[in-house]
Each structure stands twice: as structure tokens, then as C-alpha cells.
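Please treat every number below as a calculation from the coordinates, not as lab data. Since this is a predicted model, take the numbers as computed values, not measurements. Virtual Cβ from ideal backbone geometry, glycine too; neighbours counted across all protein chains shown.
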Amino acid sequence: MTSSRRIGSVLFLLLTATLGACAPSTDGEAGVAEHPALDDAELPRAQRLERLLSVLAADSMEGRRTATPGAAKAARFLAAELERYGVEPAGDDGYFQRVPLARVEVATRRGRREVLTIPSDAVDFDTLPPDALIQGEANVVGIIRGSDPEVAHEAVVVGAHFDHVGIGPAVDGDSIYNGADDDGSGTVAVLEIARELVRGAPPRRTVIILLSTGEEMGLLGTRYYIDHPVVPLEQTVADLQIEMIGRPDSLAGGSGRGWLTGYERTTMGDQLAAAGSPIVPDPRPEQNFFFRSDNIAFARLGIPAHTLSSFNLHSDYHQPSDEVDRIDFQHMAALVEAAIEAVRFLADGPRPAWKEGGMEGLTRR
């Protein structure tokens with residue numbers, strides 16, 4: 001989840017960059033053997049989630065900062081898991097949707113600074129020096145095709161960002177910012193949702209599994225996906241992001257319960273409540289979490305889009321202490337069960353719609 005101090009740069013990038021063209025490929029399958037797909041079909045959900053997260057948030061992933069070997073290694077692991085579940089690849093290179101990146105300088109209120117960007121009308125990659133271009137970054141994308149001819153052409157995007165902030169200043173001797181909760185927890189939750197959808201009855205609508213890169217750098221992977229969607233955006237009926245669900249939030253009701261950003265903006269929350277979901281309205285609207293995750297890129301295009309979370313404002317946020325041993329896997333397993341039911345509802349039930357006034361504040365800046 002992006003911090004509030006990053007929101008200015010995120011909005012700046014959303015203003016100055018429309019979404020761009022094709023990209024160089026990832027660095028192949030070399031890293032899959034480092035972290036082979038896990039053989040855990042008979043494990044309880046909590047234990048399976050722990051095994052997945054223990055790989056994704058391991059020190060060997062080096063904090064999964066965008067455009068680093070650690071992020072590429074994480075992408076390979078996630079692709080191997082989707083392949084194991086039987087999810088159909090939906091990238092331009094197997095499961096990898098290649099995302100072109102470049103380092104450029106931009107003007108901010110604090111002066112000029114270097115940022116990562118994707119191609120846009122404002123940034124022509126053909127005019128940049130070769131050493132500014134970055135190869136090897138990718139989203140990990142799969143598709144679970146809908147079974148109902150009447151609505152199979154419609155899509156629900158289920159996503160999480162697998163990047164984090166990498167290696168930084170040491171705290172108590174630890175310089176790896178593992179991002180177990182942010183957003184390793186959401187990423188492995190999406191893996192579990194994909195696994196359950198493949199194992200169960202096929203959804204009526206098509207479900208896109210989008211594990212995106214670059215959220216911490218300005219929603220880069222999701223913005224690139226939006227410009228290169230697997231299913232056209234006019235046929236995308238909803239987006240559900242999952243972010244920071246590794247610890248219970250007392251304001252949401254404690255263990256096994258979560259909250260939905262922008263709950264009051266669309267009918268999605270009301271529909272889930274009517275179905276008995278333990279997902280409640282965001283108890284901290286003053287934090288503006290609706291605008292601080294990948295869902296906002298979809299919402300600005302008029303697609304009902306929300307983020308499911310149970311972030312309780314813990315002090316390990318963006319710190320090296322955001323480690324696997326601080327995750328409550330029983331809580332997380334219960335909330336993943338609720339997320340699976342929510343995705344089933346979105347894929348099989350009525351389309352969510354914006355409420356009157358629900359798109360307030362969503363005009364592109």
C-alpha cells in the first residue's frame with residue numbers, strides 16, 4: 001500500500017503518463033528452481049498460506065523492489081504457482097506481461113527527482129538514452145475463463161501487488177524490507193483464490209488474476225495492464241484488490257474480518273453484506289485508503305473497484321520488521337475464505353454499480 005507521502009508523486013505520474021507499449025521480456029525460467037512450486041495440496045489453508053508467504057517474503061527476495069533481481073525472482077515463483085494450479089497464462093510471454101520501464105527525472109514540489117515510469121505521450125522511450133531503459137520487469141497474469149455464454153465475455157479482475165520497497169537503512173541490523181504484510185499477504189491470498197477457482201465449479205464470468213509490479217512506484221504495473229488488458233476494459237465489471245490482510249484489525253471486528261475501501265461508493269459492499277460476508281466498511285476513511293492502492297486506477301476509469309484489507313496501522317509498515325513471523329495465519333486463512341466467497345459472488349452474481357455520488361473525487365488530476 002502506498003504511503004500518504006507518496007500520493008503526490010502517484011497523482012503526478014497519473015497526470016503526466018498515459019499508458020504505454022510493449023516491453024522487453026523477463027529473464028526466463030532460470031529462477032524457478034530456486035523456489036520450486038510447493039507441493040501442498042493437502043495442507044490446511046493457514047499452513048499453505050504460511051508456506052507461500054515464507055517463500056515470497058524471504059530474505060532471498062531482497063524486499064522485491066521493482067526493477068531488481070528480487071522482484072524478478074518473485075515473479076518467477078508466482079508464475080510457477082499459477083502454472084501448478086492449472087491457471088491459463090494470459091501474459092505476452094507465458095504468465096509474464098512485460099512492463100517497459102525507464103528512469104526519468106520529473107519536477108516535484110521539492111525539486112527534481114528520479115522516478116520510474118512507463119511509456120506515455122509525455123515520455124517517449126525512443127528519445128531516452130539506452131542506460132535509462134530497464135528490462136526484465138513484468139506483471140504475472142492468468143485467466144480463468146467464464147463458463148456462462150451470457151456473461152463469459154465479462155471479466156472480474158482480482159489483484160495484488162507483489163513488489164515492496166527492497167533493501168534500505170538497517171534497523172536493529174536488518175536492512176531487508178521483506179513486506180510480508182505489504183503486500184505479500186495479499187499476493188498469496190490471490191494465489192489461493194486462483195487455486196480455489198480452478199479446483200471448484202468454473203465461474204460464470206471470466207476472472208483475471210493480476211499480480212502487479214510497481215505499486216510502490218506509482219501503480220506502474222496496474223496502469224500498464226489497464227492499457228493492455230486481457231479482456232477489454234468496457235467488459236471489465238469489477239476489480240478487487242487484496243492488500244495487507246496478515247493481521248486482524250479490531251476496528252473491523254477482529255480475527256477473520258476485513259474492510260473494503262470505498263465501501264459506500266458502489267453496491268459491491270452492500271451485495272457482500274446481503275450475502276453474509278464478514279467484510280465491513282473501511283473504519284478509517286480519513287486515511288484515504290481508497291486512493292492508496294491499485295484499485296484507484298480502475299475506479300478512475302469508471303470500473304467499480306475496491307481494496308480488501310485488515311491493516312490495523314501497525315508500526316511495522318514499510319519497516320524491516322514486516323516479517324512472516326508477525327503474520328496471524330489463522331486470521332488470514334479466514335479472511336481469504338471470505339475473499340474467495342466475495343470473488344465467487346462477483347463472478348457469478350449481479351454486476352456491482354456506482355451509487356449516486358460514488359465517483360466523487362475520481363476525476364483524473
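What number, in percent, do you get for the relative contact order of region 4-348 if the mean sequence gap of Cα pairs under 8 Å and at least 6 apart is divided by its residue count?
Details: 748 pairs, mean separation 70.1, N = 345.
Relative contact order, region 4-348: 20 percent.
Starting with the highest mean, order 72-80, 105-113, 308-316 by the number of other Cβ atoms within 10 Å, averaged over the residues of each peptide. Before the final figure, lay out the partial values.
Working: 72-80: 24.9, 105-113: 10.1, 308-316: 20.0.
Ranked by mean Cβ neighbours within 10 Å, highest first: 72-80, 308-316, 105-113.
How do 187-197, 258-268, 144-154 rank on mean C-beta neighbours within 10 Å, highest first? Show your work: numbers first, answer last.
On the way: 187-197: 25.1, 258-268: 23.2, 144-154: 15.9.
Packing order, densest peptide first, comes out as 187-197, 258-268, 144-154.
Does region 132-271 come out rounded, prolate or oblate, given a ≥ b ≥ c as the square roots of the eigenvalues of its C-alpha gyration tensor, rounded meaning a/c under 1.5 and, failing that, prolate meaning a/b above b/c? Before the final figure, lay out each step's value.
Working: a/c = 2.01, a/b = 1.33, b/c = 1.51.
Oblate, because a/c is 1.5 or more while a/b does not exceed b/c.
Provide the per-residue ³J(HN,Hα) series for region 144-153, in order, calculated from phi with Karplus coefficients 6.51, -1.76, 1.60 and θ = phi - 60°, each as a whole number of Hz, with x at glycine and proline positions.
10, 6, x, 9, 9, x, 6, 10, 4, 6
Among P350, I167, V336, pick out the residue whose Cα is farthest towards the positive end of the charge dipole of the chain, where Lys and Arg carry +1 and Asp and Glu carry -1 on C-beta, about the Cα centre.
Comparing the listed Cα positions along the dipole, P350 ranks first.
Tell me, what HN-Hα J-couplings in whole Hz come from the Karplus equation 6.51 cos²θ - 1.76 cosθ + 1.60 at θ = phi - 60° for each residue of region 57-73, using x for Gly and Pro?
In residue order, the calculated couplings are 9, 6, 4, 5, 7, 6, x, 6, 5, 3, 6, 10, x, x, 5, 5, 5 Hz.
For labels at L301 and D92 in the simple 7 Å Cα→Cβ model, what's the distance in nm?
1.5 nm
Work out the length of the dipole vector of the chain about its Cα centre, built from +1 on the beta-carbon of each Lys and Arg and -1 on the beta-carbon of each Asp and Glu, and round it to the nearest 20 debye. Write out the running numbers ahead of the final one.
Values: 34 positive and 54 negative charges, 171 e Å.
So the dipole magnitude of the chain works out to roughly 820 debye.
Calculate one ³J(HN,Hα) per residue across region 325-340 by plugging θ = phi - 60° into the Karplus curve 6.51 cos²θ - 1.76 cosθ + 1.60, and present them in order as whole Hz with x for glycine and proline.
For region 325-340, the Karplus curve yields 5, 9, 8, 9, 6, 5, 4, 4, 4, 5, 6, 4, 4, 5, 5, 4 Hz.
Assuming R0 = 45 Å, what is the FRET efficiency of D121 and E150, from their Cβ-Cβ distance, to the nearest 0.05? Don't jump to the answer; show the numbers that get you there.
Numbers: r = 38 Å, r/R0 = 0.84.
Result of the calculation: an efficiency of 0.75.
Which label belongs to the value computed from this structure, given these candidates for Rg and Dmax of the Cα atoms in Å: (i) 18.8, 57; (ii) 21.4, 83; (iii) 22.2, 73?
(i)
At a Förster radius of 22 Å, what calculated FRET efficiency corresponds to the Cβ-Cβ distance of D172 and L313, to the nearest 0.05?
Working: r = 21 Å, r/R0 = 0.96.
Here the calculated transfer efficiency is 0.55.
Using mean Cβ contacts within 10 Å as the protection proxy, how do 121-127, 212-218 order, highest first? Provide the component values of the computation, followed by the final result.
Numbers: 121-127: 12.0, 212-218: 27.0.
By packing density, highest mean first, the sequence is 212-218, 121-127.
Which shape class, rounded, prolate or oblate, goes with region 237-365 when its Cα gyration tensor gives a ≥ b ≥ c as root eigenvalues, a/c under 1.5 marks rounded, and past that a/b bigger than b/c marks prolate?
Numbers: a/c = 2.02, a/b = 1.34, b/c = 1.50.
Cα axes put region 237-365 in the oblate bin.
Out of all DSSP beta bridges in the chain, what portion is antiparallel? Express it as a percent rounded to 5. Can you show the working numbers first?
Working: 26 of 46 bridges.
Roughly 55 percent of the beta bridges in the chain run antiparallel, per DSSP.
Show that you can apply the helix-only estimate: for the chain, add -39,500 (n - 2.57) for every DSSP H stretch of four or more residues, divide by all residues, and state [θ] at 222 nm to the nearest 500. Don't skip to the end; give the middle numbers.
Details: 8 runs with 93 residues, N = 365.
My calculation for the chain gives -8000 deg cm²/dmol from helical runs alone.
Could you work out the relative contact order of region 255-365, using alpha carbon pairs under 8 angstrom and six or more residues apart, expressed as a whole percent?
Details: 121 pairs, mean separation 45.3, N = 111.
With pairs under 8 Å counted, the relative contact order is 41 percent.
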